[in-house]
Amino acid sequence: MRPGLYAAAMRDRIRIRPKPISRSHPSRRGLLLAGLAVPLGGVILAGSAQAAADPNAAIRFIDSLGQQTLGILNQPQPLAQREAQLREVLRQGFDLAFIGRFVLGRPYASMSPEQAADYHQAFNDFVLRTYARRLSGFQARSFAILGARAAGDTDTEVSTRIDPANGQPVRCDWRVRQTDQRLGIIDVAVENVSMAVTQRNEFASVITTGGVNGLIGTLRARTDRETVSVSR
C-alpha cells in the first residue's frame, strides 16, 4: 500500500476500542480476514454510482462475512463441499469483475470481447478455488478490530489484528467501498503491503513474457492444479 494513502482522511477517523476474542473460541471475523489476507487484488469501481462512506456499515459487512465463514468451517462435511461454500462467501465479498479489470491494468482495454470473457472466467475460477482452499485450513486464536476511518468520500479503512494459531499477530487493513449497489472489499494491506499492487505486478510480469493469452493459460493451469489437489 502506498505510504500515506489514507493520511488525508485522518480527520474522519473513527476509533473503536479493540475487542479481544477468547482463545478458545476463534473470532468469526478473524477466520475470514486472515484467510483472505492474500493477493486477491484491488479494484476501482468505475461506472458504479458511488455513495458516501459509512464506517459502521463497513464493519458490519466484514462481520457478516466472518460469521458465514465460521459457520462453514465448524460444519463436519467433506472438504470439497466446504470449499464450495467458502467460494460463495468470497463471491459475496468481492466484486471479481472489477478486481480482474484492475489487476490486469492497461492490457484490458485492448482485449477483444471474447478474450475478455475468457480472462474473467479464468481469473474468477483461479481466485475462488485457490483462496477458498487456503481459507478452509485456517485457524485463529484471536481477532480484534483496532479502528475504522473514512478514506475519501466513498471508502472506509477497517484496521484489524489477527492472531493465528501459530506465528506472530498480523495487522490487516481492509479498504471497503460503498456504492449505491453494494459494499465491497477493494484492497487488503497486510503489514502495509497492498495486495492490489502485489497481484497487479505479478500479472504484469506474466504478460511481459506471454501476453494476455499466456496469463489466461497460467491462471487456468494453476486452477487445474488446485482442483486436482482437492479431488485426491
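Looking for whichever is in a helix (DSSP H, G or I) and in contact with a Phe, Trp or Tyr (Cβ under 7 Å, 6 or more places away or on another chain) here; the options are Thr160, Thr198, Thr223. Which one fits?
It is Thr223.
Tell me whether the stretch 170-185 contains one or more residues that are modelled with pLDDT of 85 or more and surrounded by fewer than 17 Cβ atoms within 10 Å (Cβ to Cβ).
Yes, there is a match, as at least one residue in the stretch 170-185 is modelled with pLDDT of 85 or more and surrounded by fewer than 17 Cβ atoms within 10 Å (Cβ to Cβ).
With (1) in a strand (DSSP E or B); (2) over 24 Å from Gln92 (Cβ atoms); (3) within 17 Å of the chain's Cα centre (by Cα) as the list, and Val188 as the residue in question, which single condition is left unmet?
(2)
Return the residues of the stretch 92-123 that are more than 18 Å from the chain's Cα centre (by Cα), under 22 Å from Arg225 (Cα atoms) and touching a residue at least 60 places away in the same chain (Cβ under 8 Å); say none if nothing qualifies.
Scanning the stretch 92-123 gives Asp118, Tyr119.
Conditions (1) in a helix (DSSP H, G or I); (2) farther than 13 Å from Leu128 by Cα, marked per residue:
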{"position": "Leu65", "(1), (2)": "yes, yes"}
{"position": "Thr69", "(1), (2)": "yes, yes"}
{"position": "Gln75", "(1), (2)": "no, yes"}
{"position": "Gln81", "(1), (2)": "yes, yes"}
{"position": "Arg87", "(1), (2)": "yes, no"}
{"position": "Phe102", "(1), (2)": "yes, yes"}
{"position": "Ala109", "(1), (2)": "yes, yes"}
{"position": "Gln115", "(1), (2)": "yes, yes"}
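Consider Thr156 carefully, then state whether it is within 18 Å of Met195 (Cβ to Cβ) and either buried (at least 20 other Cβ atoms within 10 Å of the Cβ) or not hydrophobic (A, V, I, L, M, F, W, C) (or both).
yes
Sort out which residues of the stretch 97-120 are surrounded by 15 or more Cβ atoms within 10 Å (Cβ to Cβ) and farther than 20 Å from Val197 by Cβ, and write them in order of number.
Within the stretch 97-120, Met111, Gln115, Ala116, Asp118, His120 qualify.
Is it the case that Ala132 is closer than 20 Å to Arg225 by Cβ, among the small types (Gly, Ala, Ser) and within 18 Å of the chain's Cα centre (by Cα)?
Taking the combined requirement at face value, the residue satisfies it.
The values are calculated or read from the model by the stated rules, or taken from the named source; none is laboratory data. Nothing here was measured: the structure is a model prediction, and the numbers come from that model. Glycine also receives a Cβ, built like all others from the backbone with ideal geometry; neighbour counts cover every protein chain displayed.
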